[in-house]
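Below is one structure, written out as structure tokens; comments come after it.
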Amino acid sequence: MSTAMDTESTYSGYSHYSGHSKKAHRQGRDRHKSPRSKDGSRSEKSVTIQTPPAEPLLGNDASRAEEGQDDNWGETTTAITGTSEHSISQEDIARISKDLEDSVGLDCKRYLGLTVAAVLGLLVFLTPIAFILLPQILWRDDLEPCGTVCEGLFISVAFKLLILLIGTWALFFRQPKADIPRVFVFRALLLVLIFLFVFSYWLFYGVRILDSKDANYQGIVQYAVSLVDALLFIHYLAIVLLELRQLQPMFTVKVVRSTDGESRYYSLGHLSIQRAALVVLENYYKDFTVYNPALLTASKSRAAKHMAGLKVYNVDGNNASGQSRAMIAAAARRRDSSHNELYYEEADHERRVKKRRARLVVAVEEAFTHIKRLQAEEQQKAPGEMMDPREAAQAIFPSMARALQKYLRTTRQQQYHSMESILQHLSFCITNNMTPKAFLERYLNPGPTLQYDRDRWFSKQWTLVSEEAVTSGLQDGIVFVLKCLDFSLVVNVKKIPFIKLSEEFIDPKSHKFVLRLQSETSV
């Protein structure tokens with residue numbers, strides 16, 4: 001208990017509460033408003049992709065308020081408790097209701113598609129069994145006896161239906177990764193094909209077998225076997241269209257994040273625009289570093305300061321042109337030296353980061369050395385007196401907490417790491433006997449979004465903006481945009497060029513040579 005209290009007292013500057021006034025809330029709300037008038041006049045098509053449920057990316061105002069804080073926010077922050085006032089406008093209410101309507105529509109569309117597919121699949125598997133059982137139920141006495149060949153066909157139908165059931169489960173019964181805005185064209189075509197196929201079989205069965213009460217039972221069973229064989233071929237066609245067709249790379253896409261310009265390249269096959277967008281988002285969460293808006297505040301404040309340095313006053317309106325030109329020239333000369341300010345700011349920031357990084361590395365190494373010493377002492381004690389990894393992490397965390405806190409503040413990563421997440425990571429490293437370097441890897445280098453808290457940093461909803469229909473296939477030169485709350489991903493599609501290889505034959509005898517030595521000597 002004392003260890004936990006020491007941990008919380010040492011790390012008290014790490015967690016804080018930030019109070020927002022009504023004006024700040026209104027400004028944050030206005031900043032996130034979408035320009036409806038501009039988007040409505042454009043010719044682009046905008047649709048929505050919903051990823052698995054999570055909180056919006058950087059959707060809380062608390063993380064935004066941390067951007068403007070000074071370097072000593074942990075020591076100077078005042079915690080205020082009590083009730084807070086919030087205001088909401090009619091536009092916010094309309095936007096919230098629209099989002100709810102869109103989510104309800106997507107859920108209804110998804111469940112409707114699943115229901116149709118399930119009913120059709122059940123009809124497919126029950127049809128061959130019904131073809132075999134209906135004659136036995138309706139005109140059993142008029143049927144010809146089923147011989148050995150007919151009984152063997154029963155075994156064939158049973159095993160083929162089992163194979164078809166396993167293949168259908170492996171191909172279609174998967175947990176959906178996202179809600180796409182439009183239907184999957186190939187899957188819809190397969191469903192229509194299966195429906196027409198089963199319907200035609202039922203139509204022929206009703207006209208030629210049920211009406212006439214055919215007595216050739218072996219022929220009826222062979223008819224059911226032919227249906228199962230055709231369904232197996234349709235399943236093979238589904239594998240080719242849904243899985244194999246997209247494996248061969250045909251396009252290269254460049255994905256650029258709009259805020260900081262970070263980019264990646266990916267190779268894709270024959271996919272529609274909406275499915276290519278899903279592949280891009282899946283790779284984004286594991287390849288791109290987590291979006292940190294705090295790193296962009298320095299450049300914005302510097303640009304605002306230089307823009308504010310240009311001020312022209314016209315008092316009486318007479319002979320102001322010459323004075324204005326002189327002031328503009330002076331301001332331009334001042335701005336010419338802005339690169340020096342940028343250079344020294346970056347150099348000072350790098351120096352502080354290196355110094356605090358060195359302090360953090362030394363503190364963590366000393367803490368892990370203390371852990372090894374404690375482990376050696378615990379081995380001499382009774383088994384019931386040994387500390388678990390959680391207690392060991394709480395014991396050594398105060399010695400490194402301040403150095404880690406300052407380093408995260410300097411690199412502007414404090415909003416990504418809570419005290420509880422650090423303790424969990426530390427106990428994980430102690431459990432698996434990991435080195436200090438392995439523990440620090442998460443904090444020294446910003447990782448992808450998957451490395452951080454899923455419920456906080458995952459975007460719940462993405463908007464796909466494309467001039468082409470999202471169900472159309474990828475083509476050379478297509479550009480589409482994936483937008484979320486704070487930034488957007490610009491995707492540029494290029495076709496892989498056709499490569500022509502030629503062969504050049506090398507004669508093996510061309511590598512042979514003759515070394516001739518002269519017999520002349522200096523004697």
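The values are calculated or read from the model by the stated rules, or taken from the named source; none is laboratory data. Computed from a prediction, not measured in an experiment: that's the story for all the values here. All Cβ positions, glycine included, derive from the backbone under ideal geometry; neighbour counts span all protein chains shown. Ligands, DNA and RNA are excluded from the accessible area calculation, which covers all protein heavy atoms including side chains. Shrake-Rupley method; radii C 1.70, N 1.55, O 1.52, S 1.80 Å.
Structural remarks
- In this structure, the residue pairs whose Cα-Cα separation is over 31 Å, taken from LYS286/LYS354; LYS355/LYS483; LYS286/LYS494; LYS160/LYS213; LYS286/LYS495; LYS177/LYS254, are LYS355/LYS483.
- Mean accessible surface per residue for region 381-444, computed with a 1.4 Å probe while every protein chain stays in place, in Å²: 45 Å²
- Gap separating the Cα centres of region 225-271 and region 135-204, nearest whole Å: 25 Å
- Global geometry of region 99-246, whether rounded, prolate or oblate, following the gyration tensor of its Cα atoms and the 1.5 cut on a/c: prolate
- By average C-beta atoms within 10 angstrom, highest first, the peptides 477-487, 270-280, 492-502: 270-280, 477-487, 492-502
- Point-to-point label distance, ASN340-CYS146, nm (Cα→Cβ direction, 7 Å offset): 9.8 nm
- Each residue of region 221-231 was assigned a 3J(HN,Hα) from its phi angle through the Karplus expression (A = 6.51, B = -1.76, C = 1.60, θ = phi - 60°), giving 5, 5, 4, 5, 5, 4, 5, 5, 4, 5, 5 Hz with x at Gly and Pro.
- Protection-proxy order for peptides 240-248, 401-409, each taking the mean of Cβ atoms within 10 Å per residue, highest first: 401-409, 240-248
- Percent carbon-and-sulfur accessible area, region 99-246, ignoring ligands, DNA and RNA, probe 1.4 Å: 71 percent
- Region 140-147 - phi-based ³J(HN,Hα) in whole Hz, Karplus 6.51/-1.76/1.60, Gly and Pro as x: 5, 6, 8, 6, 6, x, 8, x
- Residues in region 99-246 average 63 Å² of solvent-accessible surface per residue, probe 1.4 Å, ligands and nucleic acids excluded.
- Maximal additional length on extending the LYS177-GLU282 stretch stands at 36.9 nm, based on 0.36 nm per residue less the C-alpha distance.
- Taking 0.36 nm per residue of separation and subtracting the Cα-Cα distance, full extension of the segment from LEU193 to GLN424 would add 77.9 nm.
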